[in-house]
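Inspection log for the structure reproduced underneath, given as structure tokens.
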Amino acid sequence: MSNASERRVKIVEVGPRDGLQNEKLPVPLNAKVELINQLSGAGLRFIEAASFVSPKWVPQMAGSAEVMALIDRSPGVRYSALTPNLQGLEAALTARCDEVAVFGAASETFSQRNINCSIAQSLDRFRPVVQKALEAGVPVRGYVSCVLGCPYEGDVAAEAVLQVAQELLAMGCHEISLGDTIGRGSPESTRKLLEVCLRDLPSARLAGHFHDTYGMAEANVCASLEMGLRIFDSSVAGLGGCPYAQGASGNLATEKLIHALHAMGYETGVDMSRVQAAGRYIRQVLGDLHDQQEVPH
């Protein structure tokens, strides 16, 4: 591998989907579109823009088809969507998504609580989705959640993570995002997990998805870089936690990730000042929504 490619890091921006889906108040359609346009304008080339799940479960994502129809599609940008089933995939294909994603877990209890089925059942559900997406010429990304701990089971075995990742790769996913869903990972536990996974999987197929619950996300990124990973998920303005509570954290903020990577001499192709502007924009939108709700009628 050349030195230039060693220094290049791919950022997958998940704010418009993974970040906004947890917001309690409906985010206006035009604000979602504007956010995505600002992110692509900043040089982010992989943007998780939508989620084709039942609005009953994730009401914030109900307008995903409209979002995909209204965004300014920048050349070279891959706009992706979460598609947990064939119905969601059909909607994503109709909306001309460039990539789709399926979402599994390394914890049996989390799988049952999150998607109402076992890990094995979830993988069985994903196979026809992945197959049909690939037949349509659309690449598929796989997510594995709870890779460094589960809110119900505590520690999760690295071998369990590896097994799910292998299954997702075998069915045709081109990339596996390893998610520290509750943000309890440390550099040590991150290295231990990757030591197991990298025995059987190439580093180029793995991404780190770290939550910043205890302020460890950047340190976990550094540990992953040392282990050879060059793909990381992040969310503009740290969306995914509570934007109004000091210290409450969700996804690693894209701004923090870019700052850390650039400081260490890695290249991202992303304009930091424009990402910061996008972060200010969406924080203002969410702040205004919050203020409106608090105005007595």
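The values are calculated or read from the model by the stated rules, or taken from the named source; none is laboratory data. In this text the structure is predicted, and so the values were computed from the model without any measurement. A quick note on method: Cβ atoms are made from the backbone with ideal geometry, for glycine too, and the neighbour counts reach across all protein chains shown. For accessibility, only protein heavy atoms count, side chains too; no ligands or nucleic acids. Shrake-Rupley method; radii C 1.70, N 1.55, O 1.52, S 1.80 Å.
Within the stretch 100-116, the set of residues being within 16 Å of R17 (Cα to Cα) and open to solvent by 10 Å² or more (accessible area, probe 1.4 Å) comprises just one member, F103.
Looking for something touching a Phe, Trp or Tyr at 6+ places or on another chain (Cβ under 7 Å), of a type in the set (S, T, Y) and assigned to a helix (DSSP H, G or I) - is there at least one such residue anywhere in the stretch 82-92? For the stretch 82-92, residues touching a Phe, Trp or Tyr at 6+ places or on another chain (Cβ under 7 Å), of a type in the set (S, T, Y) and assigned to a helix (DSSP H, G or I): absent. For the stretch 238-257, filtered to residues that are modelled with pLDDT of 95 or more and surrounded by fewer than 24 Cβ atoms within 10 Å (Cβ to Cβ), the residue that is farthest from D180 (Cα to Cα) is E255. Scan the stretch 52-80 for residues that are under 13 Å from A91 (Cβ atoms), open to solvent by less than 70 Å² (accessible area, probe 1.4 Å) and at pLDDT 95 or above and the total you get is 5.
Filter the stretch 11-39 for residues that are open to solvent by 10 Å² or more (accessible area, probe 1.4 Å) and assigned to a helix (DSSP H, G or I) and give the result. Answer for the stretch 11-39, where residues must be open to solvent by 10 Å² or more (accessible area, probe 1.4 Å) and assigned to a helix (DSSP H, G or I): D18, Q21, N22, L29, N30, K32, V33, E34, N37, Q38. Regarding the stretch 59-70, can at least one residue be identified that is touching a strand residue (DSSP E or B) at 6+ places or on another chain (Cβ under 9 Å) and part of a strand (DSSP E or B)? Within the stretch 59-70, not a single residue is touching a strand residue (DSSP E or B) at 6+ places or on another chain (Cβ under 9 Å) and part of a strand (DSSP E or B). Total residues in the stretch 176-192 satisfying the condition of being of a type in the set (A, V, I, L, M) and open to solvent by 10 Å² or more (accessible area, probe 1.4 Å): the figure is 1. Condition first: open to solvent by less than 60 Å² (accessible area, probe 1.4 Å) and hydroxyl-bearing (S, T, Y). Now tell me which residues in the stretch 129-174 satisfy that. Y143, S145 - these are the residues of the stretch 129-174 that are open to solvent by less than 60 Å² (accessible area, probe 1.4 Å) and hydroxyl-bearing (S, T, Y).
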